[in-house]
Amino acid sequence: MKFNNIIDISRRIYPGMVLWPGDAGVQINRQASIKSGDICNLSSINMGLHTGTHIDAPLHFIDEGEDVSSRNLSRFMGFAKVFELNVKECITADDIKSLSIDEDDIVLFKTVNGLIPEEADFVKYYVYIDASAAKWLIDKKVKTVGIDYLSVDNFYLEDSPVHRIFLSQGVGIIEGLQLKDVKEGRYFLSCLPLRIDGVDGCPVRAVLVEIEE
Ligand SMILES: [Zn+2]
């Protein structure tokens, strides 16, 4: 097997970028700068931990759940399958039953969400995963599920049923992927979170590596 091209499937992080409504905005602070006579450039950042391309830990919806730093990293690094689904509203069990999804798979769903420009304002009618698909994926015992907008759940369901289904079973969630330039197929995925203790989510630099088998 040979590893080829690396495809960046992460969103850029910058002040003013699209966020989940209510999330803390991105501020990048230049604390020291060479132009102003400092010895080096030195920056800090303030932002919500569910900014851009990120993972959700069980702690996000389960108060005693695992935090980011306790997660098994095999959920965020390994072979992954990208499936392109031409659904308009949501992904149901019927939409994915015929796909070759097996136990321990990392599955990433590419949808029309990829057509929403990255700079566009927040869109409420993005394609989400419905509870039937989530339960089917749990029965299949997948390791991780990723989607190409900021939530796996329907914006209008306040109890976030799909987050609860996945996180209560320890399934990894990756949100905010940028899959528009990715073809269906099998890749090597890396999207490791920072090892921050006690947090419920974390931005990741998600990449797919093309493989030759
Ligand atoms: Zn999240």
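Descriptive notes on the structure:
- Residues in the stretch 18-42 that are in contact (Cβ under 8 Å) with a residue 60 or more places away in the chain and open to solvent by less than 30 Å² (accessible area, probe 1.4 Å): VAL18 only.
- Residues (open to solvent by less than 70 Å² (accessible area, probe 1.4 Å) and more than 21 Å from PHE83 (Cβ to Cβ)) located in the stretch 138-167: PHE155, SER160, PRO161, LEU167
- Members of the stretch 43-78 that are more than 16 Å from the ligand (Cβ to nearest atom) and crowded, with 22+ Cβ neighbours inside 10 Å: none
- Looking only at residues in the stretch 186-213 that are among the β-branched types (Val, Ile, Thr) and in a loop (DSSP other than H, G, I, E, B), the one that is nearest to the ligand (Cβ to nearest atom) is VAL199.
- Failed condition for TYR128, given (1) within 16 Å of the ligand (Cβ to nearest atom); (2) open to solvent by 20 Å² or more (accessible area, probe 1.4 Å); (3) in contact (Cβ under 8 Å) with a residue 40 or more places away in the chain: (3)
- If you filter the stretch 106-154 down to residues that are among the acidic types (Asp, Glu) and in a loop (DSSP other than H, G, I, E, B), you find that the one that is nearest to GLU175 (Cα to Cα) is ASP148.
- Whichever residue in the stretch 1-17 is over 21 Å from GLY146 (Cα atoms) and in contact (Cβ under 8 Å) with a residue 60 or more places away in the chain and, among such residues, is least open to solvent (accessible area, probe 1.4 Å): ASN4
- When GLU89 is tested against (1) among the acidic types (Asp, Glu); (2) within 15 Å of the chain's Cα centre (by Cα); (3) open to solvent by 20 Å² or more (accessible area, probe 1.4 Å), just one condition goes unmet, and that condition is (2).
- Put simply, of LEU157, LEU177 the only residue that is assigned to a loop (DSSP other than H, G, I, E, B) and within 13 Å of the ligand (Cβ to nearest atom) is LEU177.
The values are calculated or read from the model by the stated rules, or taken from the named source; none is laboratory data. Everything numeric in this text was worked out from a predicted model, so none of it was measured. Neighbour counts are summed over all protein chains in view; Cβ atoms, including those assigned to glycine, are modelled from backbone coordinates with ideal geometry. These area figures cover heavy atoms from the full protein model, side chains too; ligands, DNA and RNA do not enter into them. Shrake-Rupley method; radii C 1.70, N 1.55, O 1.52, S 1.80 Å.
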